[in-house]
């Protein structure tokens, strides 16, 4: 099915066989020593067999009192008997306010551990100290979103191993496939009991929910819960079950909830972005998607947040109520729930403190996890049931392919998040500016392929709306809407003239520094190092 | 002795270029480029530098460029400015290509409900200004530009006029007062500016000086289309002379009032209620009407106050104004909505226009509606209401057929 096209070296001198996959992208067959399957096309990979499983535990090995509290984080890590080369994981519900993981790796560094794999569900600028741990060999490599300084470190080819970028659903799939085995999972919990039951919705460091830590708690060999709010058993409600937890650690402070709101979750003030958001809402209305009982998801970007505000006004005007909205929740979605514009928010993570309050107080605000929402190996998931989803992208191309992990200069700067998983919705809309600071966003070919064009239905820019020619139904439905529906090539031409494209292309070397996984675990694209 | 350095811009300003030039008599041209996005833009920036220096016939000197994500037409302008500061004798210009989308025309009686002010050096804001569909875009050379940037702004605005698509908005420039303003005109008038806003006009003579200068430039550059004028009255004297100013030129299409300076001039606080400026604003409306041109109200400066803006526009409409200034794109839509005619106004106007049609068809000199006679100014007003209703999509263009 695939033929070997070339053999290249990674920056660390390993040889990699590259193969051209079904999307026409060159990808390695071995990623960090694990055999990998090149992308075969959307819906074309059918893995067989049984899922991975954690080792058998015996309840008699645990205190009958249910008290699993140990003296310190160091103590807990020592008890886990961590060996060089093991995998340490965590959830990212504190976003840029995480106060635990840097401490974990500081302790492991002091203990002389080497070549560990860090497997977070996402990383943030607050994790910059991890670069130090990579430099001194404590961390071999990171598999998880690489934002900001960590993205730069990996982009420069300094990481000792390939970056493996997975979607939120893809992380669950990788664990269930046995592709990633978690040795020790760290679960920072705003409230927990001594048995290890924990919740994210209350306590002085409340962050909303803990759904991203669920897979870690179920599949890791050892699970450590770290909390700054230990309550008497039982911790009600719990999202993580103490029955999966080995040790409980009490710390002064596990997270700074003020920093949950990171840059991507702030409402835009840009008149152009607001214009795009309004145009997107008008499209959803004109296409007949906005009707009683419908559902939608809007991502964390500022434009997507503003979309929800415009849509809300249109729903109010027409007296329309949604059945459910998928979070990441924000105060804007919370307002819709409280004003009766939706029956439920099915929430994967909370992006602001209003979201945290609501999930604690409102029974209509329900916590979910990547398993319910995104997982490829579930018996269905919520993403495909959504009537519309509004997302961003760093680049798109004339075939509606999209990129969210690199910029046109080849730098790896963002994680995939739930973005890839959301592409399976009934109407996937990318709401993006047609250019950013002189750099055009619509290209002939995206720098890195993260979303295949066949799954992307609509691209909304401030200079017009492009509908994927495959979606004749949407084209027909919006034909007489008066909206600026244009061919994507036409918008591209206009923007190219404005910004003076074509620009220079980065000089890519043949060193692979990372791979992008598709939701089914196959390798969709490689990220190559840029020569400086 | 170190050679003198000439500069344009600010080395730390985002979405802009900073340019330095050290002239020399020998040694050829040296170009130094600092850019965070060198990977994507280096060759374009380098070409742009070389082409601009060639346009200006510069053979020697050192050009240093700091790129913080600016537009190429800004780079071209800043290079022209530094080179000409170093060599005042150079008369060549380095003009960007005149784009097709920069060549559309305006018309005397078009709507001027909203006019969006943009600082003349802020190219980033200009790129997408047209998509918000203001009736007019003002590239400002006056109050929003620091004295050190006046020379650069003039050339940046000139280049913007040749380069950018404003999607049908009327292309306006606010010049400086006095001689600086006349210098602005030399740079701007040949490049399809539709209308010049003349600030702080106090008498007809000042306006005539601007108009005469424009006519001379038009003759020199062979420009056929008129350049419309909108004097802004911003002082007690200007208000009292409003009628003479309004009829001082046949190119006047509107007069505007600027309340920040006016209230300072008469020594009062500017309030949201605006009682202190009621006389001035009514005076401007009356002067405009008697000269047969439009009356334009001042800007509403609290961008975050949507309710206040709407009340202010309603009041402007009640006083007889045709338009309002804006300083943020989000003000455009509320302004258009509030200037739009009401349902009752539209229905009444439709009846009058239909009655007028019947009278014309029958060759009657008098228009009547039921038992009421309709005067010609009422018919004219009804026609304007219909136009406005069509423009705001409240009425179908073919309403008579339906």
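The values are calculated or read from the model by the stated rules, or taken from the named source; none is laboratory data. Small disclaimer: the values here were computed from a predicted structure and weren't measured. Here the Cβ is made from the backbone with ideal geometry for all residues, glycine too, and neighbour counts use every protein chain on show.
Scan B:137, B:66, B:45 and give me the residue that is within 30 Å of residue B:380 (Cα to Cα), touching a strand residue (DSSP E or B) at 6+ places or on another chain (Cβ under 7 Å) and without any contact (Cβ under 8 Å) to a residue 60 or more places away in the chain. Let's see the steps before the verdict.
Values: B:66 fails: within 30 Å of residue B:380 (Cα to Cα); B:45 fails: within 30 Å of residue B:380 (Cα to Cα).
B:137 is the lone residue from the list that is within 30 Å of residue B:380 (Cα to Cα), touching a strand residue (DSSP E or B) at 6+ places or on another chain (Cβ under 7 Å) and without any contact (Cβ under 8 Å) to a residue 60 or more places away in the chain.
If I ask for residues that are under 20 Å from the mean Cα position of the chain (by Cα), within 14 Å of another protein chain (Cβ to nearest Cβ) and surrounded by fewer than 24 Cβ atoms within 10 Å (Cβ to Cβ), which ones from region A:415-438 would you list?
none
What residue, among those in region A:379-411 that are assigned to a strand (DSSP E or B) and more than 14 Å from chain B (Cβ to nearest Cβ), is nearest to residue A:452 (Cα to Cα)?
Once the filter is applied, the top-ranked residue is A:402.
For residue B:194, work out the one condition from (1) buried (at least 24 other Cβ atoms within 10 Å of the Cβ); (2) touching a strand residue (DSSP E or B) at 6+ places or on another chain (Cβ under 9 Å) it doesn't fulfil.
(1)
Give me the residue from region A:269-287 that is under 19 Å from residue A:464 (Cα atoms) and part of a loop (DSSP other than H, G, I, E, B) and, out of that set, modelled with the highest pLDDT. Please lay out each step first, then the result.
Taking region A:269-287 as the starting set, the residues that turn out to be under 19 Å from residue A:464 (Cα atoms) are A:270-287.
Still in the list and also part of a loop (DSSP other than H, G, I, E, B): A:270, A:287.
Details: A:270: 88, A:287: 98.
The extreme case among them is A:287.
Within region B:317-330, restricting attention to residues that are at the interface with chain A (Cβ under 10 Å from one of its Cβ atoms) and closer than 15 Å to residue B:138 by Cα, which residue is surrounded by the most Cβ atoms within 10 Å (Cβ to Cβ)?
Out of the qualifying residues, it is B:329.
Could you name every one of the strands (runs of 3 or more DSSP E) located completely within region B:94-208 that has at least 3 residues being within 14 Å of another protein chain (Cβ to nearest Cβ)?
Per the criteria, B:114-119.
Residue check: is residue B:340 more than 14 Å from chain A (Cβ to nearest Cβ), under 24 Å from the mean Cα position of the chain (by Cα) and buried (at least 18 other Cβ atoms within 10 Å of the Cβ)?
yes
Read through the list (1) out of contact with any strand residue (DSSP E or B) (no Cβ under 9 Å at 6 or more places or on another chain); (2) away from chain A (no Cβ under 11 Å); (3) assigned to a loop (DSSP other than H, G, I, E, B), then give the number of the only condition that residue B:3 fails.
(1)
Just checking, does region B:145-162 include any residue being under 19 Å from residue B:260 (Cα atoms) and either modelled with pLDDT of 95 or more or touching a strand residue (DSSP E or B) at 6+ places or on another chain (Cβ under 6 Å) (or both)?
yes
So which of A:464, A:451 is in contact with a helix residue (DSSP H, G or I) (Cβ under 8 Å, 6 or more places away or on another chain), within 14 Å of chain B (Cβ to nearest Cβ) and either farther than 30 Å from residue B:394 by Cα or in contact (Cβ under 8 Å) with a residue 24 or more places away in the chain (or both)? Give the derivation first.
On the way: A:451 fails: within 14 Å of chain B (Cβ to nearest Cβ).
Only one candidate qualifies: A:464.
Is it true that residue A:282 is within 14 Å of another protein chain (Cβ to nearest Cβ) and in contact (Cβ under 8 Å) with a residue 60 or more places away in the chain?
Details: within 14 Å of another protein chain (Cβ to nearest Cβ): yes; in contact (Cβ under 8 Å) with a residue 60 or more places away in the chain: yes.
In short, yes.
On the basis of being within 21 Å of residue B:186 (Cβ to Cβ) and either away from chain A (no Cβ under 14 Å) or surrounded by fewer than 23 Cβ atoms within 10 Å (Cβ to Cβ) (or both), does residue B:58 make the cut? Before the answer, list the steps.
Numbers: within 21 Å of residue B:186 (Cβ to Cβ): no; either away from chain A (no Cβ under 14 Å) or surrounded by fewer than 23 Cβ atoms within 10 Å (Cβ to Cβ) (or both): yes.
Criteria not met by residue B:58.
Residue A:272: more than 22 Å from the chain's Cα centre (by Cα) and more than 14 Å from chain B (Cβ to nearest Cβ), yes or no?
No: the conditions fail for residue A:272.
So is residue B:253 modelled with pLDDT of 95 or more and buried (at least 19 other Cβ atoms within 10 Å of the Cβ) or not? Don't jump to the end; show me each part of the working.
Details: modelled with pLDDT of 95 or more: yes; buried (at least 19 other Cβ atoms within 10 Å of the Cβ): yes.
Here the answer is yes, as residue B:253 does meet what is asked.
Restricting to region B:12-37, name every residue that is more than 22 Å from residue B:127 (Cα to Cα) and either in a loop (DSSP other than H, G, I, E, B) or more than 34 Å from the chain's Cα centre (by Cα) (or both). Can you show your working first?
Residues of region B:12-37 more than 22 Å from residue B:127 (Cα to Cα): B:20-34.
Passing the criteria: B:22, B:23, B:24, B:25, B:26, B:27, B:28, B:29, B:30, B:31, B:32.
Just to be sure, is residue B:88 within 14 Å of chain A (Cβ to nearest Cβ) and either crowded, with 18+ Cβ neighbours inside 10 Å or in a loop (DSSP other than H, G, I, E, B) (or both)?
Details: within 14 Å of chain A (Cβ to nearest Cβ): no; either crowded, with 18+ Cβ neighbours inside 10 Å or in a loop (DSSP other than H, G, I, E, B) (or both): yes.
Answer is no for this residue.
Go through region B:65-85 and report how many residues are surrounded by fewer than 19 Cβ atoms within 10 Å (Cβ to Cβ) and away from every other protein chain (no Cβ under 14 Å).
Step one: list which residues in region B:65-85 are surrounded by fewer than 19 Cβ atoms within 10 Å (Cβ to Cβ), which gives B:69, B:85.
So of that shortlist, the ones also away from every other protein chain (no Cβ under 14 Å) come out as B:85.
Residues meeting the conditions: 1.
Among the residues of region B:16-23, is any within 14 Å of another protein chain (Cβ to nearest Cβ) and either without any contact (Cβ under 8 Å) to a residue 40 or more places away in the chain or buried (at least 17 other Cβ atoms within 10 Å of the Cβ) (or both)?
Yes.
How many residues are assigned to a helix (DSSP H, G or I) and within 13 Å of chain B (Cβ to nearest Cβ) if we restrict to region A:471-523?
Adding up the residues that qualify gives 8.
Given the conditions (1) closer than 30 Å to residue B:279 by Cβ; (2) assigned by TED's automatic domain parsing to the domain that holds residue B:112; (3) surrounded by 15 or more Cβ atoms within 10 Å (Cβ to Cβ), and given that residue B:314 satisfies all but one, which numbered condition is not satisfied?
Result: residue B:314 fails condition (3) only.
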